[in-house]
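Only one structure is covered here, and it is reproduced in the block below.
Every number here is computed from the coordinates shown, using simple stated rules; none is lab data. On a predicted model such as this, the values are computed, not experimentally measured, just so you know. So basically every Cβ, Gly included, is an ideal-geometry build from the backbone, and we count neighbours across all protein chains shown.
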Ligand code: AP5
């Protein structure tokens, strides 16, 4: 199964993606984690993206696309993936679709974790992961960027009938239970469709 998560900063994408990847035997690919690793290791890519991330802005589309191409292809050959934090813009979604559909590895299910902005700020202020988590202004800017640049993707996937919307404002376990149930049904439907003679 090939899944992606859409949700504001602090919606629980990382937490739930890791749990669902374990449960369904999928590879968890987090664009944010991969970018932070480059920054921590001081790679040329990390040096190019650090300022964008510290400000809470999106890094340029092409950098993220190039970084993810290989791991997405590898994961598609070994049971599927959960993309956490990608795509982030309509441009990324359209470009990823073009590449992935040619290779037969396009997304099958999009999950939207819906959480109030106020709750997002509370969660992130309580975490303090790094430069982009320590400052309320940066957190609010990340939410603003999400609302402007990423929320249009919810409509994009809804039109493709691939969207599951989950109330992410509840406890971690409650959200996981709903997700397991929704993804299980979708996985059964996908298997049935794949078994039909073409
Ligand atoms: P990224 O790492 O993707 O960060 P984000 O979207 O801002 O989201 P977070 O990782 O902060 O939150 P999350 O939704 O994963 O929640 P989590 O489970 O961690 O991106 C960081 C930066 O990288 C971006 O700003 C951008 O610069 C760049 N970037 C990444 N992808 C990009 C792309 N595709 N294009 C361009 N730029 C890109 O949980 C958050 C906290 O809440 C934790 O403390 C957790 O324990 C807690 N929590 C989770 N669920 C619950 C719950 N149900 N109840 C209570 N607490 C909870």
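Quick notes on this structure:
- Residue identified as touching a helix residue (DSSP H, G or I) at 6+ places or on another chain (Cβ under 9 Å) and at positive phi among 12, 46, 8: 12
- The residues of the range 160-177 that are within 8 Å of the ligand (Cβ to nearest atom) and in contact with a strand residue (DSSP E or B) (Cβ under 9 Å, 6 or more places away or on another chain), listed by number, are 168, 169, 174, 175.
- Members of the range 19-39 that are free of Cβ contacts under 8 Å to residues at least 60 places away in the same chain and within 8 Å of the ligand (Cβ to nearest atom): 30, 31, 32, 33, 35
- Where residue 180 falls short, out of the listed (1) more than 10 Å from the ligand (Cβ to nearest atom); (2) free of Cβ contacts under 8 Å to residues at least 40 places away in the same chain: (2)
- Any chance residue 104 is without any contact (Cβ under 8 Å) to a residue 60 or more places away in the chain and on the phi > 0 side of the Ramachandran plot: yes
- Residue check for residue 8: over 19 Å from residue 171 (Cβ atoms) and near the ligand (Cβ under 10 Å from one of its atoms): no
- Restricting attention to the range 100-115, the residues being more than 12 Å from the ligand (Cβ to nearest atom) and either within 13 Å of residue 11 (Cβ to Cβ) or more than 18 Å from the chain's Cα centre (by Cα) (or both) number 4.
- For the range 27-43, filtering for residues that are out of contact with any helix residue (DSSP H, G or I) (no Cβ under 7 Å at 6 or more places or on another chain) and within 29 Å of residue 102 (Cβ to Cβ) leaves 4.
- Within the range 40-51, residues that are under 11 Å from residue 63 (Cβ atoms) have Cβ atoms under 8 Å from residues that are in a loop (DSSP other than H, G, I, E, B) and within 15 Å of the ligand (Cβ to nearest atom) in these pairs: 48/59; 49/59, counting only partners at least 6 apart in sequence or on another chain.
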